[in-house]
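A short write-up of the structure that comes next.
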There are 2 protein chains.
Amino acid sequence: MSIQYAILGLLSWQPLTGYDIKKMFSDSTFLYWSGNNNQIYRTLVQLHKSGLVSREIQEQENLPDRKIYSITDKGSKVLRDWVLSEPQVPQLRHPFLIQLAWADQLTDNELENLLNRYQEELEMQLLMVKEQTERKKSFPDRSARENKLWSTISENWIRFYSNELIWLADLRKNLSA
Amino acid sequence: MSIQYAILGLLSWQPLTGYDIKKMFSDSTFLYWSGNNNQIYRTLVQLHKSGLVSREIQEQENLPDRKIYSITDKGSKVLRDWVLSEPQVPQLRHPFLIQLAWADQLTDNELENLLNRYQEELEMQLLMVKEQTERKKSFPDRSARENKLWSTISENWIRFYSNELIWLADLRKNLSA
DNA sequence: GTTGCCATGTAAGGTGTTACATGATTTA
DNA sequence: TAAATCATGTAACACCTTACATGGCAAC
């Protein structure tokens, strides 16, 4: 899946500039792209070319013009079709498991050290996601059902890191047994 | 992280051809690359150029020569350094959450249908990972500690999909409440 | 007689990243 | 006076994927 549907989704709420979108990406965990300029600005141009978004240009003094993008009817339809399309299972890229796979060459101390460092990383991520959920002001509130959906999405990430910590604790137990 | 350390890891067990490696990738969940030719054969050439692997060529009649790659001392060192390097938190690409994020426009029926299809996908994946763990003959057994590490790695994937199913059930409860 | 396995490789393109570039305004 | 924010964009390249190409052998 490419970034374009995520952008269409954001625009389905409100008109935004590329800069706004970029910030929303980097503030959000579940919109998992880095939010780099290259991709966002190019995608917006493409969406505009395909008629899925419209563009209003606001001139500014001493700053580049603001280009405010809005979703079109066609864009809304494409978004809806995508939302109804075949759900994909999450893709997990887990380099740490690959490190572990060949970690038998390490001493017990080195291995323990590795596990400790991984645990720290996880705890940091978990904290970050929790904070994000608290703030969450970057996105507007909507219907009751939408609020449920959104809080369940945050919950998904929190559980992911929590479960990973549980798994890690079990790994320690298993190793020392 | 790129595919090269995974390949070095496989070669740290035994000499292999590109074709062998390709099969191991496509048989394995946690080596999460597609195992396509282009990447594997090119990476092997690069590893060879950098002196991290050596290559023995076995001629065959009527078939392309087998190129059997083995890890070198230098390669073993590089692998070890990588295993000891800073663990990275897993990268989760979860397009379904993005679908859900904009799913408020759907009717209750459409949403339920979407959740059902996602559940089916998850159950299929879970089955596949479990079967893989049962078979698991593609990789040789080693020390007791290594066996622990490997079974914990499989366990990580099984839990991931199981937890996702639990989360999905909770989402249903939450929506109907 | 078609499918799958063995074994190599190439072509083309999609998707994503980091870093570079500009330049005024506000904040610490 | 250094950094962050606003706002656009480009360059270069890393990584990964699907599909194409060859061709013999074995199995069903």
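Among what's in the stretch B:103-113 and is among the acidic types (Asp, Glu) and under 15 Å from A:Lys148 (Cα atoms), pick the residue that is surrounded by the most Cβ atoms within 10 Å (Cβ to Cβ). Working first, answer last.
Residues of the stretch B:103-113 that are among the acidic types (Asp, Glu), as a first pass: B:104, B:108, B:110, B:112.
Applying the additional criterion that residues be under 15 Å from A:Lys148 (Cα atoms) yields B:104, B:108, B:112.
On the way: B:Asp104: 18, B:Asp108: 10, B:Glu112: 14.
For the stretch B:103-113, the residue satisfying everything is B:Asp104.
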Practice item. Might you let me know whether the stretch A:114-128 holds any residue that is under 22 Å from A:Asp20 (Cβ atoms), within 21 Å of the chain's Cα centre (by Cα) and surrounded by 13 or more Cβ atoms within 10 Å (Cβ to Cβ)? Key: yes
In the stretch A:18-43, anything of a type outside the set (Gly, Ala, Ser), within 16 Å of A:Ile68 (Cα to Cα) and within 13 Å of DNA strand C (Cβ to nearest atom) is listed as A:Tyr19, A:Ile21, A:Lys22, A:Asn37, A:Ile40, A:Tyr41, A:Arg42, A:Thr43
The residue from B:Glu61, B:Glu56 that alone is loosely packed, with under 15 Cβ neighbours inside 10 Å, more than 14 Å from DNA strand D (Cβ to nearest atom) and among the charged types (D, E, K, R) is B:Glu56
Looking across the stretch B:1-16 at residues that are within 14 Å of DNA strand D (Cβ to nearest atom) and not in a helix (DSSP H, G or I), the single one that is modelled with the lowest pLDDT is B:Met1
Within the stretch A:69-97, residues crowded, with 17+ Cβ neighbours inside 10 Å, away from chain B (no Cβ under 14 Å) and within 16 Å of DNA strand D (Cβ to nearest atom) come out as A:Tyr69
Scanning the stretch B:103-149 residue by residue, the ones that are assigned to a helix (DSSP H, G or I), facing chain A (nearest Cβ under 7 Å) and not hydroxyl-bearing (Ser, Thr, Tyr) total 13
Within the stretch B:140-167, of all residues that are basic (Lys, Arg) and within 21 Å of B:Leu11 (Cβ to Cβ), the one modelled with the lowest pLDDT is B:Arg142
Within the stretch A:17-49, the residues that are at pLDDT 95 or above and small (Gly, Ala, Ser) are A:Gly18
Note on A:Ile71: of the conditions (1) within 14 Å of DNA strand C (Cβ to nearest atom); (2) in contact (Cβ under 8 Å) with a residue 60 or more places away in the chain; (3) closer than 14 Å to A:Gly9 by Cα, unmet is (1)
By my count, strands (runs of 3 or more DSSP E) wholly in the stretch B:17-102 with at least 3 residues that are under 30 Å from A:Lys148 (Cβ atoms) are B:91-93
Of the residues in the stretch B:18-33 that are away from chain A (no Cβ under 12 Å) and within 13 Å of DNA strand D (Cβ to nearest atom), the one that is farthest from B:Gln132 (Cα to Cα) is B:Gly18
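Report whether or not B:Lys137 is modelled with pLDDT under 95 and either surrounded by 12 or more Cβ atoms within 10 Å (Cβ to Cβ) or hydrophobic (A, V, I, L, M, F, W, C) (or both). Please lay out each step first, then the result.
Details: modelled with pLDDT under 95: yes; either surrounded by 12 or more Cβ atoms within 10 Å (Cβ to Cβ) or hydrophobic (A, V, I, L, M, F, W, C) (or both): no.
Answer is no for this residue.
The values are calculated or read from the model by the stated rules, or taken from the named source; none is laboratory data. Being a predicted model, the structure only gives us computed values, none of them experimental. We place every Cβ from the backbone using ideal geometry, glycine too, and count neighbours over all the protein chains shown.
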